[in-house]
1. Spin-label point model (7 Å from Cα, Cβ direction): what's the residue 52 to residue 145 distance in nm?
2. Tilt of helix 184-197 relative to the longest C-alpha principal axis of the chain, in degrees (0 to 90, nearest 10)?
3. What FRET efficiency would be calculated for the residue pair residue 36, residue 271, taking the C-beta separation as r and a Förster radius of 45 Å, to the nearest 0.05?
4. Using helices alone, what [θ] at 222 nm do you get for the chain, with -39,500 (n - 2.57) per DSSP H run of 4 or more residues, divided over all residues and rounded to the nearest 500?
5. By per-residue mean of other Cβ atoms within 10 Å, what is the highest-first order of 85-91, 184-190, 112-118?
6. Determine the relative contact order of the range 2-170: mean sequence separation of Cα pairs under 8 Å and six or more apart, normalised by residue count, in whole percent.
7. Counting residues in the range 2-170 as N, plug N into 2.2 N^0.38 Å and put the Cα Rg over that result.
8. Of 108/157; 21/157; 137/235, which ones are farther than 18 Å apart at the Cα?
Amino acid sequence: MKLTVIGLGLIGGSMAIDLRKARFTQEITGVDANPENAHEALRLGIIDRIDSLEGAVEKADMVIIAIPVDKVLNTLTTVLDLISDQTTVIDVGSTKKLIAQAVENHPKRRNYVAAHPMSGTENSGPTAALEGLFEGKINIICDQEKCGPQHLAFAEKVFQVLGMDIAYMTSDEQDHSTAFISHLPHAAAFALANAVLDKEDREIIFDLASGGFNSTVRLAKSSPEMWGPIFQQNKQYIVESLDVYIKHLKAFRKSIESDPQEMMALMKNANRIRGILAGDSDSLVKNEKTIVKLYTK
């Protein structure tokens with residue numbers, strides 16, 4: 001199988017590493033807008049060769065697009081224009097609704113599988129690529145009924161080879177769910193980091209910082225070039241998630257000020273998340289309104 005990876009950073013590079021290790025592909029061609037990234041990926045053995053977008057997708061059996069979501073909009077259309085009828089195209093960005101709408105009426109729409117592998121770190125670039133990054137994690141496939149059966153099956157096989165379970169949603173459900181479980185934590189981390197940086201005596205704070213603070217603000221080290229477009233493409237649901245978060249912050253603030261019993265009740269209620277995350281492997285997201293079942297093929 002000839003694989004082309006467009007975007008040779010953390011996600012694209014890690015997928016290439018594991019697919020090569022599993023001998024799922026015989027040749028990996030890399031495409032990256034940054035020539036330094038492309039040559040670094042070649043040097044690290046993540047890819048076998050570098051090519052232009054046109055040359056890389058012309059004879060590919062599969063194309064994985066792993067670039068910032070604002071760049072996916074045009075790149076995906078171009079790729080679909082260039083591929084053969086047999087080529088499968090997977091986009092692995094964190095937002096899906098706008099991207100899926102952009103190719104809704106494309107003649108090769110059925111070649112396209114909209115996916116979101118729920119894994120990553122705060123690092124970027126080819127040197128950030130990791131073996132086993134996706135093992136045991138969840139991949140979301142969106143609007144599967146719009147995919148050609150052979151292309152959907154090919155994409156599912158890729159994520160199974162990566163060691164992932166697969167959840168199926170509409171693009172809108174994906175964007176709504178990930179706004180709360182992925183995008184909101186990043187927004188909160190950026191805000192928390194800025195709050196601490198705003199302190200005049202922040203050097204003392206940083207000297208005292210330990211594991212709890214470091215793990216909380218870790219996401220604030222994520223690439224603005226990647227996360228800015230995500231926030232913009234999914235702004236409706238991210239703003240909704242922030243409003244809910246702010247409501248709970250205000251309630252917690254008020255309890256600290258004037259109602260210790262309510263404060264304890266809020267913390268004990270929050271503790272319930274431990275059992276939900278540890279004890280329910282059959283659902284991806286669970287709240288009062290949403291149950292998203294996980295299907296493993």
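Rule-based calculations on the coordinates, nothing more; no lab input. Computed from a predicted model, the values in this text were never measured in an experiment. Neighbour counts run over all protein chains shown; Cβ positions are idealised from the backbone, glycine included.
1. Spacing of the two 7 Å Cα→Cβ label points: 4.1 nm.
2. 60 degrees
3. According to the calculation, E is roughly 0.45.
4. For the chain, the value works out to -15500 deg cm²/dmol.
5. Ranked by mean Cβ neighbours within 10 Å, highest first: 112-118, 85-91, 184-190.
6. 24 percent
7. 0.92
8. The answer is 108/157; 137/235.
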